[in-house]
1. How about the stretch 75-89: which of its residues are part of a loop (DSSP other than H, G, I, E, B) and touching a residue at least 60 places away in the same chain (Cβ under 8 Å)?
2. Among the listed residues ARG301, ARG327, ARG359, which satisfies the condition of being in contact with a Lys or Arg (Cβ under 7 Å, 6 or more places away or on another chain) and among the basic types (Lys, Arg)?
3. Is one or more of the residues making up the stretch 65-82 over 22 Å from ASN462 (Cα atoms), within 16 Å of the ligand (Cβ to nearest atom), surrounded by 21 or more Cβ atoms within 10 Å (Cβ to Cβ) and modelled with pLDDT of 50 or more?
4. Filter the stretch 141-184 for residues that are free of Cβ contacts under 8 Å to residues at least 60 places away in the same chain and of a type in the set (Phe, Trp, Tyr); which is farthest from ALA107 (Cα to Cα)?
5. Considering GLY412, GLY403, GLY391, GLY372, which residue is more than 16 Å from the ligand (Cβ to nearest atom), assigned to a helix (DSSP H, G or I) and of a type in the set (Gly, Ala, Ser)?
6. Just one of VAL101, VAL90 is under 22 Å from LEU406 (Cα atoms) and either out of contact with any helix residue (DSSP H, G or I) (no Cβ under 8 Å at 6 or more places or on another chain) or not assigned by TED's automatic domain parsing to the domain that holds TRP527 (or both); which is it?
7. Look through GLY391, GLY399 and report the one residue that is more than 23 Å from ALA357 (Cβ to Cβ) and out of contact with any helix residue (DSSP H, G or I) (no Cβ under 8 Å at 6 or more places or on another chain).
8. Name the one entry in ALA323, ALA283 that is modelled with pLDDT under 95 and either of a type in the set (D, E, K, R) or assigned by TED's automatic domain parsing to the domain that holds LEU238 (or both).
Amino acid sequence: MPRESGCTRRDFLKTAGLAAGLACGLERLARGAAESVRAPGTGTARAVAGGKKPNVIYILADQLRYQSLGYAGDAKARTPNIDRLASEGVIFRQCVSSMPVCAAYRASLLTGKYPTSTGMAINELRINPNQRCLGHVVTEGGYETGYIGKWHLWANEGGNHNAMKNSYIPPEMRKYRLGWDGFWAAYNFNHRYYQNFYYMDEPTKHTFEGYEPDSQTDMAIDFIRKHAGQDKPFYLTLSVGTPHDPWASNNVPAKYLDMFEDVEFPLPGNWSDTPDPYMDRNADPKAWLAQWKPNLPACQRVYYAMTANLDDNIGRIMDAVDAAGIRNDTIVVFTSDHGEMFGANGRVFKLTFYDPAARVPMIVRWPGTIPGGLVSDACMGTPDIMPTLLGLMGLPIPGTVEGMDLSHLARGRTGPEPEFAFMQGLGHTWQWNDGFEWRAVRDKRYTYAIYRRDKSELLFDNQGDPLQMRNLARRPRHGSPSGHGTPSVPGWPCQGDPAHGDTLDRLRREMAEKMKSLDDTFEACTWYRDHWTDGKRNVIASARGKF
Ligand SMILES: [Ca+2]
């Protein structure tokens, strides 16, 4: 159940030169030029100059974790432009990916629904287009649209990413673009940024010279210049591939790698020499020690370099917005589809509820409407993004949306917000393999999760234990520092640490109620293959029934 936001003062990260602000569930960062917080109003969207609706530029990074940004407190990060964007808008600092993997996130983003309702259980499934999507509402709302970059909702084949059939969506299959009927320069999946490609409206493979994120930014700036002075507002999605692996030194411009030449990347404080047995890939103990452990610093060096490049490009986009004279007419969103574990909690990559994979940057800037320097602790999840954006734009929110409109929080007002974010892990990243399924809830203090394989539970106090090392769902004598190993008591409910029994009971109940409301029956990965796809990786159904 939604609840009214509280009015308690919260501690604020004293990072990135930003000091604590004021209370009431929303806080402001102290800045040189303070802007006044808009008084609570009617909730209707503000029309910008000439009565137009606001433009939207949605910048989506891939695998960029919240923790690796300057404004989040990472002193190693070189992200001055992202940090500036954060100081000029609202940051939802508890925002999580509702299923921290590519395709499931993108489906949730574009439908406002949870993965069990989109049917996108693993990667390399073809989304079912018979859904009311963000692109439909935006296009019908009178917007010019542009989509540049990674899509990952089309290919229905594991691997073979470079084949045209897995990347080119022909005009007669346009419905698979989910309403983005305007400018289109996209591909399904590729992370070799110097061997890039994309498709438009004809079966011609286009390539960029040079580094893909730079060229995609050039293309985005061209789009902004072209549409800034037009009668119709525009909605531009820039879906970049970085800082997703491979983290090879030849997959990022040298000038960015040089910035981190002398920077040390120690193993995380919650490193374990034993890989997490619930991880869907890279769980071989020998390879974990022989390959991952020694190579993590080099991988992170490339990751941070990719992020610094991304930051430069975001600065260029903000400059283009200013130069076009549309600063106050344009909502700029910066976020990522999920994060990256980099050895934390015995894991690498994603598809888990642990914070490095689950938490994502979420910045929304709209000068003159969204007060600069706002921080919201709302438990925002991926299905909340579409209704929040539509709320800001003043467009109707489809009844099929399962998330919550949090646009009032972006405007500096109080009001309903989710009690917790609900997260789902429906299986393996891209294979129909059982044994990796989980569900989790994350509120402002705790993360509670359960694995389907053995019904083992995990409970972390994210305030007292931000590295999520002490599993409070287990009696202490059975606990292991990294929170995994043999569960203390098989079966649900297990006997947790009595000191946290009330919290466990509450979170179990909240999760059960949420799952019931979504018809989420917590099946095995191959069950989803057998019931939700046609056997050829095309989605035909979800927990809500046939499409
Ligand atoms: Ca991804």
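1. Passing the criteria: LYS76, ALA77, ARG78, THR79, GLY89.
2. ARG359
3. Within the stretch 65-82, not a single residue is over 22 Å from ASN462 (Cα atoms), within 16 Å of the ligand (Cβ to nearest atom), surrounded by 21 or more Cβ atoms within 10 Å (Cβ to Cβ) and modelled with pLDDT of 50 or more.
4. PHE183
5. Within the list GLY412, GLY403, GLY391, GLY372, the selection yields GLY391.
6. Result: VAL90 is the single residue among VAL101, VAL90 that is under 22 Å from LEU406 (Cα atoms) and either out of contact with any helix residue (DSSP H, G or I) (no Cβ under 8 Å at 6 or more places or on another chain) or not assigned by TED's automatic domain parsing to the domain that holds TRP527 (or both).
7. GLY399
8. Just one listed residue meets the conditions, ALA283.
The values are calculated or read from the model by the stated rules, or taken from the named source; none is laboratory data. Nothing here was measured: the structure is a model prediction, and the numbers come from that model. Backbone-built Cβ (ideal geometry, glycine too); neighbour counts: all protein chains shown.
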